[in-house]
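A.B. asks: After the structure tokens below, expect a handful of questions from me.
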Amino acid sequence: MPPDARPKSTGGGSHVASRLAQQDPAFVRWLLILACVAVMGLLVVLPVVAVFAEAFREGFATYWANITEPDTIHSIGLTLFVAPIVVVVNVIFGLAAAWAISRFQFRGRTILTTMIDLPFAVSAVVVGLAFMLLFGQQGLLGPWLKSLGIEVAFNVTAIILVTTFVTLPFVARELIPVMEAIGSDEEVAAVSLGANGWQIFWRITLPNIKWGLLYGVILCNARAMGEYGAAAVVSGRIEGKTQTMPLRIEYLEQSFNSPAAFAVASLLTLLAIGTLVLKVWVERLTRQEIQEAARAADTGGAH
Amino acid sequence: MSIKIDHISKRFGGFQALDDVCLEVPTGSLLALLGPSGSGKTTLLRIIAGLETADSGKILYDEIDVTNKPPRQRNVGFVFQSYALFRHMSVYENVAFGLKVRRSPRAEIRPRVMDLLKMVRLDGLEKRMPGQLSGGQRQRVALARALAVNPKMLLLDEPFGALDAKVRVELRQWIRKLHDEIHITTVFVTHDQEEAFEVADQVVVMNKGKIEQAGAPQAVFDAPATPFVMDFLGNVNVFQGRVEGGKIVLGGMQLAYSGSHVDGTQATGYIRPHELDIDHVASARSSLKARVTQVNAAGSVAKIRVVAEEFGLALNIDISPDRYAELQLKRGDEVYVSPKNIRVFSPDDYVI
């Protein structure tokens, strides 16, 4: 805001004046809102609408035929198979990491916290290439693993591994602030009352972090279903075998079967929108969880 | 159950939290661990409960070594400073928690919880969540929760710390009464000397990881063993002097005291505000000429502040309202101050 555009106090009491002082002039507000709406409309809403329009262009019968094509059904099944496995692995890792970081002081704690973010920073394609370098046929560990009868390149295992890698931060990142805000007081109290570790986890910790955990799971799931880059490199994109939904979409598009590509894309988009609705709802509950923790801390120990 | 603390030491990094502490808590006593923050009192309490492990030393319950036993096997009720109530559980569930995790028969849990809630005067509130309770109510839920498992001792960490002044006074009288009824060995931590003296049978004053003095409240208050205790018990006039002929000399004033030091020793004198007398004329006892700088007569005692200009010494004096009315003191009055009692410590007295 230019300095001369400061609104003048209308003298309607200090309360009104202070509220006005924080507000930009109407034209600035409208300009900003309009700019946001325009960008969102152009870059987000329009493409989503286009996906559905394109998918249904040749009528519902074609759409149905497109999404019931055997290889497409296989890709849907594969995505719905990979995502839950990745989520489970992430929940276990996320709980362990959040527990370690929020409950213990140890050497390398900061490094661990930073490392958890690494998958966010690294491009998925790079992850895929690095993975091939390690587990590929000419890779460092590939031949050794093959001699043991384990193959982890160009198959579903490879997809699961790289998808886990790229989604690793989601659950941990959600849980660390929640667990730090809640603190360990209640867990220690449970110990003093005679609870064992298992009882503490199920009866105290989990109920306290459940919404944060669910939020992490939702984000992780969304990312896992949409994963393309790393999966593209390591899966080999074998039709009917290692094609997940995003890979299938790309494949159909490349084969000039645009309506089919958009049909699958519309399904993936629907999954994403569903996730988004869930996310908004859970986000509200997570915020409540943190606020309650803060309020409990306020009214609790003052020293 | 009696507790014996046998040469316990604990270090956190470079900080010596507890330094070779020995203490015995007799069965059925109500003992206060009193000290400033960082004195190690909470650490000691947590070590007694098994929530913290000592670097060296032993903890014995009834002469049985429990040093390596986890808290679950110690059967101790612990009330946390922050109460640490389970926020997603109702009052009833909070109190029942210990019984449930110990797999008490279902039929016994409900009557036991209801009895406890009645005892802590929370009957009718069992369905409330911790967030809907006042500070004093939460404190009592924490207490009921700790007592539910029939502990052999009760440990309380700053139990009144987070409460309003009024609730605090009520609750500590109530705790005293409760202890008189159920006679459970109780140890509580506090930094408030008034609280310790009012509630406890035994007061243990701690400083820098060591016990400075342990004893009955009256004994500790009347005969502080160290300058720290003297200072910590609050509100004391301190001055530096020199010992000569069995008396401490401060400028022109010579004061007799009980105890003996070699002549020429540098020593510190401690006089409590109520142990100083004030008058318009010099008395037979050794008196110090001073000027009144401040008068505050609001309260159960009149607080007078004087300065002995000769020595640059400021003193706080408490006198009764009657005496105050009699003297008609005003700011700027010239007065004579004489001590009724004095305690003298020289640095050699408390060399470690």
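A.B. asks: Starting from the coordinates of the alpha-carbon atoms of segment B:1-125, obtain the Kirkwood hydrodynamic radius over all distinct pairs and give the value in Å to one decimal.
C.D. replies: Hydrodynamic radius (Kirkwood, Cα pairs) of segment B:1-125 is 16.7 Å.
A.B. asks: Return the FRET efficiency for the residue pair B:Phe221, B:Arg11: r is the Cβ-Cβ distance, R0 is 35 Å, and the value is rounded to the nearest 0.05.
C.D. replies: 0.65
A.B. asks: Counting residues in segment A:32-156 as N, plug N into 2.2 N^0.38 Å and put the Cα Rg over that result.
C.D. replies: After normalising by residue count via 2.2 N^0.38 Å, the value is 1.59.
A.B. asks: In debye, nearest 20: dipole of segment A:59-297 around its Cα centre with unit charges on the Cβ of K, R (+) and D, E (-)?
C.D. replies: 300
A.B. asks: Using only Cα atoms, tell me the angle between helix B:106-119 and the longest principal axis of chain B; keep it within 0 to 90° and round to the nearest 10.
C.D. replies: 20
A.B. asks: If a helix is a whole DSSP H run, which ones in chain A reach 18 Å or further along their own axis (Cα) and hold a mean Kyte-Doolittle hydropathy of at least 1.6?
C.D. replies: Sorted by number, the helices that extend far enough and score high enough are A:26-40.
A.B. asks: Now for a separate question. Run the helix sum for chain A: -39,500 (n - 2.57) per DSSP H stretch of 4+ residues, divided by residue count, reported at 222 nm to the nearest 500 deg cm²/dmol.
C.D. replies: -24000 deg cm²/dmol
A.B. asks: Then there is this: Please find the FRET efficiency linking B:Arg102 to B:Met1, where r is the Cβ-Cβ separation and R0 is fixed at 25 Å, and quote it to the nearest 0.05.
C.D. replies: Efficiency for this residue pair is about 0.90.
A.B. asks: Taking only Cα atoms and a 10 Å spring cutoff, compute GNM fluctuations for chain B and point out the largest among B:Pro227, B:Pro217, B:Pro105.
C.D. replies: B:Pro105
A.B. asks: Given a 1.4 angstrom probe, I'd like the percentage of the accessible area of chain A that is carbon and sulfur, rounded to a whole number.
C.D. replies: 69
A.B. asks: Per residue of chain B, what 222 nm ellipticity follows from adding -39500 (n - 2.57) for every DSSP H run with n ≥ 4, rounded to the nearest 500?
C.D. replies: Rounded to the nearest 500, it is -7500 deg cm²/dmol.
A.B. asks: Something else now. Quick one: compute the contact order of chain A, relative version, from alpha carbon pairs under 8 angstrom and 6+ residues apart, as a percent.
C.D. replies: 26
A.B. asks: Here's something else I'd like to know. At a probe of 1.4 Å, how much accessible area disappears from chains A and B on forming the pair, both sides counted, to the nearest 100 Å²?
C.D. replies: 2300
A.B. asks: Take chain A, mark every one of the trypsin sites (Lys or Arg not before Pro) that falls in a DSSP loop and has at most 15 other Cβ within 10 Å, then report the longest stretch left between them, sites excluded.
C.D. replies: A:108-240
A.B. asks: Sticking with this one: Need one value for B:67-77: mean number of C-beta atoms belonging to other chains within 10 Å of its residues' C-beta atoms.
C.D. replies: Whole-number average of other-chain Cβ neighbours for B:67-77 is 2.
A.B. asks: Compute the helix-to-body angle for B:91-101: its Cα long axis versus the longest principal axis of chain B, expressed 0 to 90° and rounded to tens.
C.D. replies: Its long axis makes an angle of about 70 degrees.
A.B. asks: Can you tell me which of A:Met225, A:Met115, A:Met179 moves the most in a GNM of chain A? Springs connect C-alpha atoms under 10 Å apart.
C.D. replies: A:Met115
A.B. asks: Which values, in whole Å and largest first, are the semi-axes of the equivalent ellipsoid of the protein assembly as shown obtained as the square root of 5 times each eigenvalue of the Cα gyration tensor?
C.D. replies: After scaling each eigenvalue by five and taking roots: 69, 33, 25 Å.
A.B. asks: Return the Cα extents of segment A:59-297 along principal axes one, two and three, sorted largest first, each rounded to a whole Å.
C.D. replies: 64, 49, 30
A.B. asks: What figure, in Å² to the nearest 10, do you get for the accessible area of A:Glu180 with a 1.4 Å probe and non-protein molecules left out?
C.D. replies: Per-residue accessible area (A:Glu180): approximately 90 Å².
A.B. asks: Put +1 on the Cβ of every Lys and Arg and -1 on every Asp and Glu Cβ in segment A:222-278; which of A:Ile249, A:Val233, A:Phe262 then has its Cα farthest towards the positive end of the dipole?
C.D. replies: Value: A:Val233.
A.B. asks: Separate question: Using a 7 Å offset from the Cα along the Cα-to-Cβ direction at both B:Asp180 and A:Phe56, what is the distance between the two label points in nm, to one decimal?
C.D. replies: 8.1
A.B. asks: Report the convex hull volume per residue for segment B:3-232, counting only C-alpha atoms, in Å³.
C.D. replies: 128
A.B. asks: Let me ask something additional. If you average the C-alpha positions of segment B:256-302 and of segment B:56-82 separately, how far apart do those two centres end up, in angstrom?
C.D. replies: Here the answer is 47 Å between Cα centres.
A.B. asks: Ok, one more. Quick one: angle between helix B:135-147 and the longest Cα principal axis of chain B, in degrees between 0 and 90, rounded to 10, please.
C.D. replies: The angle comes out at about 60 degrees.
A.B. asks: Still on this model: Report the paramagnetic label zone for B:Ala297: residues of segment B:329-346 whose backbone N is under 20 Å from a point 7 Å from Cα along the Cα-to-Cβ axis.
C.D. replies: The answer is B:329-337.
A.B. asks: So what is the accessible area of chain B per residue, in Å², with the probe set to 1.4 Å?
C.D. replies: Solvent-accessible surface per residue comes out at 45 Å².
A.B. asks: Quick one: dipole size for the protein assembly as shown, taken about the Cα centre, charges +1 on Lys/Arg Cβ and -1 on Asp/Glu Cβ, in debye to the nearest 20.
C.D. replies: Here the protein assembly as shown has a charge dipole of around 1080 debye.
A.B. asks: Which of B:Glu108, B:Glu244, B:Glu198 moves the most in a Gaussian network model of chain B with Cα springs under 10 Å?
C.D. replies: It is B:Glu108.
A.B. asks: Here is a further query. Among A:Asn66, B:Asn341, B:Pro227, which residue has its Cα furthest toward the positive end of the charge dipole of the protein assembly as shown, with +1 on Lys/Arg Cβ and -1 on Asp/Glu Cβ?
C.D. replies: A:Asn66
A.B. asks: For the full complex of protein chains and a 1.4 angstrom probe, list A:Leu42, B:Leu30 by accessible area with the highest value first.
C.D. replies: A:Leu42, B:Leu30
A.B. asks: So if R0 is 60 Å, what FRET efficiency would A:Phe81 and A:Cys36 give, r being the distance between their Cβ atoms, rounded to the nearest 0.05?
C.D. replies: Approximately 0.95, to the nearest 0.05.
A.B. asks: Next question, about the same structure. Name the residues of segment A:192-206, by number, that are at least 10 Å² less accessible with every protein chain in place than in the isolated chain; the surface is that of heavy atoms, probe 1.4 Å, without ligands or nucleic acids.
C.D. replies: A:Ser192, A:Leu193, A:Gly194, A:Ala195, A:Asn196, A:Gln199, A:Arg203, A:Ile204
A.B. asks: State which stretch of chain A is the longest one without any exposed chymotrypsin sites (Phe, Trp or Tyr not before Pro), exposure meaning a DSSP loop state and at most 10 other Cβ atoms within 10 Å.
C.D. replies: It runs A:107-255.
A.B. asks: Next up: Out of A:Ala35, A:Phe56, B:Thr186, whose Cα points farthest toward the positive end of the dipole of the protein assembly as shown (charges: +1 Lys, Arg; -1 Asp, Glu; placed on Cβ)?
C.D. replies: Of the candidates, A:Phe56 comes out farthest on the positive side.
A.B. asks: Okay, next question. Roughly how many debye, to the nearest 20, is the charge dipole of chain B about its Cα centre, given +1 on each Lys and Arg Cβ, -1 on each Asp and Glu Cβ, and no other charges?
C.D. replies: 1760
The values are calculated or read from the model by the stated rules, or taken from the named source; none is laboratory data. The model shown is predicted, which means the values in this text are computed figures rather than measured ones. Virtual Cβ from ideal backbone geometry, glycine too; neighbours counted across all protein chains shown. These accessible areas exclude ligands, DNA and RNA; they are computed on the full protein's heavy atoms, side chains included. Shrake-Rupley method; radii C 1.70, N 1.55, O 1.52, S 1.80 Å.
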